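Let me begin by presenting the structure, written as structure tokens, before commenting on it.
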Amino acid sequence: MNLKNFIRSIPDYPKKGILFRDITTLIKDEHAFAETINLIVQRSKKYNFTKIAAVESRGFVFASAVSYILKKPFIMLRKKNKLPADVHSIDFELEYGTATIEVHKDSINKNDSVLIIDDLIATGGTAYAAAKLIEMSKGKVAAFIFVINLFDLGGSDGLIKKNYYVENLIDFPGH
């Protein structure tokens, strides 16, 4: 199955000059969604990890399903002020602005190795912030798995240069 056929491209969203890769068309097709989850599970098996994390919100769709199948705890990396208990917090740059993500301080322990799953990597700002948040929590990043890599925006290459393992299912240009 060619998963690329299930991704809708929307020009000038959320702002002019951005070509948005929409995963809603993939997840509304039960066969494409199942194939995506199966591929993530298959690729994850080469890594040793104790927990799975994802960044709000589209990453939750994929990571929670993989977490269920692999019977691994799922950690939510959320936008600022969305978690009720004590948090670690990190600010970062997006392709079109700035943001903050947080994790509960009791979600990740010193010996945890965390697989980070997300729908897409562009410039890598969100992914790198997620890694720093895991490390701030005394955990280790086992690897990243992305459904979509916008290869010409350099995010995957940047993570690899920082010695992280990176996998993706689909490559698209970002522009």
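Selection within region 1-17: residues that are of a type in the set (A, V, I, L, M, F, W, C) and either out of contact with any strand residue (DSSP E or B) (no Cβ under 8 Å at 6 or more places or on another chain) or over 15 Å from L120 (Cα atoms) (or both). The member of this set that is modelled with the highest pLDDT is F6. Residues in region 92-112 that are at pLDDT below 95 and of a type in the set (D, E): E93, E95.
The residues on offer are K4, K51, and the sole one that is in contact (Cβ under 8 Å) with a residue 60 or more places away in the chain, surrounded by 13 or more Cβ atoms within 10 Å (Cβ to Cβ) and over 14 Å from D119 (Cα atoms) is K51.
The set of residues in region 83-101 being surrounded by 14 or more Cβ atoms within 10 Å (Cβ to Cβ), within 10 Å of A129 (Cβ to Cβ) and charged (D, E, K, R) consists of E93 alone.
In region 130-140, what residues are among the charged types (D, E, K, R) and in contact (Cβ under 8 Å) with a residue 12 or more places away in the chain? The answer is K132, K138, K140. Of all residues in region 62-70, none satisfies being over 17 Å from V147 (Cβ atoms), surrounded by fewer than 16 Cβ atoms within 10 Å (Cβ to Cβ) and out of contact with any strand residue (DSSP E or B) (no Cβ under 9 Å at 6 or more places or on another chain).
Scoring P14 on the criteria (1) in contact (Cβ under 8 Å) with a residue 12 or more places away in the chain; (2) loosely packed, with under 11 Cβ neighbours inside 10 Å; (3) under 19 Å from I117 (Cβ atoms) leaves a single failure, condition (3). Under the condition of being of a type in the set (F, W, Y) and either over 20 Å from R21 (Cα atoms) or in contact (Cβ under 8 Å) with a residue 24 or more places away in the chain (or both), which residue from region 141-156 is surrounded by the most Cβ atoms within 10 Å (Cβ to Cβ)? By that ranking, first place goes to F144. Evaluate region 127-140: report whether one residue or more is on the phi > 0 side of the Ramachandran plot and surrounded by fewer than 17 Cβ atoms within 10 Å (Cβ to Cβ). Yes, region 127-140 contains a residue that is on the phi > 0 side of the Ramachandran plot and surrounded by fewer than 17 Cβ atoms within 10 Å (Cβ to Cβ).
The residues of region 157-175 that are touching a residue at least 60 places away in the same chain (Cβ under 8 Å) and either within 18 Å of R43 (Cα to Cα) or of a type in the set (F, W, Y) (or both), listed by number, are Y165, E167, L169, I170, F172.
The values are calculated or read from the model by the stated rules, or taken from the named source; none is laboratory data. Owing to the predicted nature of the structure, the values given are computational and were not obtained by experimental measurement. Note: ideal-geometry Cβ built from the backbone for every residue, glycine included; neighbour counts use all protein chains shown.
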